Structure formats: C-alpha cells, structure tokens
Amino acid sequence: SSGRIDLHDVTTGDLLLSYPATGSDIRAASEGDDVYQIARFTMDHITKFEDDSATVEYQYSVNDEQEESASNPYQLVFASENKAYVLRYGSDKIWIVNPDADTEAGFKLGELDISAYDTDNPNANSGVIVDDKLFVLMERLDGYNVTQQGYVAVFDTTTDTEIDTGQGTSDGLLGIPVGVQNPESLHYETDNGL
C-alpha cells in the first residue's frame, strides 16, 4: 500500500533524497538528472520529479482513452531526453513518449504495434536500446499460463518501424525467438557486444 524511491550516493551509500511513491507496485527510471516513477498495475502512470528534488513535475496516465486501467507500464526506455518508449505489459501497444513534455497532451507521440506476437497480449516486460535499435522482450503468456516461447521484437528508433531480423520461425514473425518460455529480462553486455 506504500512505497518510496531512494537516491543514494554509490560511493558512500549515504541517502541523498527520498521521493514519495504512489504505492508499492512501482519501478524507478532515470535519465540524466531526471527521476521517474513507473506506477504499474491499475495505477498506470508515469511521474517525473524535478531535478534534485522530490517535487513532482508531472504525472501522466499511460492508458489509452478506451483503456480504463491496467496498461501496466513496466519500463521506460530512453532514446533521448525527449523520446522514450513505455513498455506496457497489459497492452499490445508500446507508447512512444516525450519524457520532457510540458503537458499531458504532448506526452504521447505515437505507438509501436506488437499485436502480431500474441492474439491476446504479448506481455512486453523488458527493453534496451543499442545502436538506434529498440529490443523488446515479450513473455507471450496465455493469461497467466506459460504456453509459448518468448520473443524479442526489434524496432528502428529513427523511423519507429519494426526490423525483420530474419530469425523468425514459420509463424512469420519478424523478431527473434528466445528459445525459452516466460523470459523475465533483457540486458546488453557492453564488454562482449551481446
């Protein structure tokens, strides 16, 4: 029923600042000096805090007009200071947003369609940008049942179009099958380029 985001000095471990949180089902993201709260299931919003303070700069919904709730944002992946992607676990659309928007009307810039990966919901849960490509990991659950292998969709962040990786299976999907069911996270290892 409650939560908090704490900013610590990585050298000393000292607590520098605490940000108020909407609830306990939250994640935090940062870009430069900006800190964001990702309020998940049924809260469905992004909160941006002002630089070096716990003052709320904005709080914008990540639900479409037809979605009353449960877009369930999982991650905010930054392409630049005014372009990011909201991975919405409860939706087959990834939002393209301006994290520096002054108004809620200016927050959503567009969306990426991942509905081809699951007839119900692809369950996008993790993403990373490498060399102007957005890699999106999807669980592809059937409700809460694990019935399909996970997939990674790849999008060009300059055109916001999906890239045909040439690795899809006979199902005609453009992405990369991961070979396991219910994958949880995607990371880029800079040391080996993987």
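The values are calculated or read from the model by the stated rules, or taken from the named source; none is laboratory data. Keep in mind the model is a prediction, meaning the values are calculated, not measured. Reconstructed Cβ throughout: ideal geometry from the backbone, glycine too, with neighbour counts over all protein chains shown. Remember, those area values only see protein heavy atoms, side chains included, never the ligands or the DNA or RNA. Shrake-Rupley method; radii C 1.70, N 1.55, O 1.52, S 1.80 Å.
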Could you please tell me the mean projected area of the C-alpha convex hull for region 40-123, averaged over all directions and given in square nanometres to one decimal? 5.7 nm²
In the chain, which longest range has no GluC sites (Glu not before Pro) that are both DSSP loop (not H, G, I, E or B) and surrounded by at most 14 other Cβ atoms within 10 Å? 82-183
Expressed as a percent, the accessible surface of the chain that is carbon or sulfur, using a 1.4 Å probe and the full set of protein chains, is 43 percent
Debye-sum result for region 94-194 in log10 I(q)/I(0), which assumes one identical scatterer on each alpha carbon, at q = 0.19, 0.20 Å⁻¹: -0.98, -1.06
Using the 2.2 N^0.38 Å rule of thumb for compact globular proteins, work out how the chain stacks up: its C-alpha Rg over that value, please. 1.05
Excluding ligands, DNA and RNA, what is the solvent-accessible area per residue of the chain at a probe of 1.4 Å, expressed in Å²? 52 Å²
At a Cα cut-off below 23 Å, give the lysines reachable from Lys133, other chains included and same-chain residues fewer than 8 away excluded. Lys83, Lys93, Lys108
Build a GNM of the chain with springs between Cα atoms under 10 Å: which of Ala39, Ala124, Ala70 gets the top mean-square fluctuation? Ala70
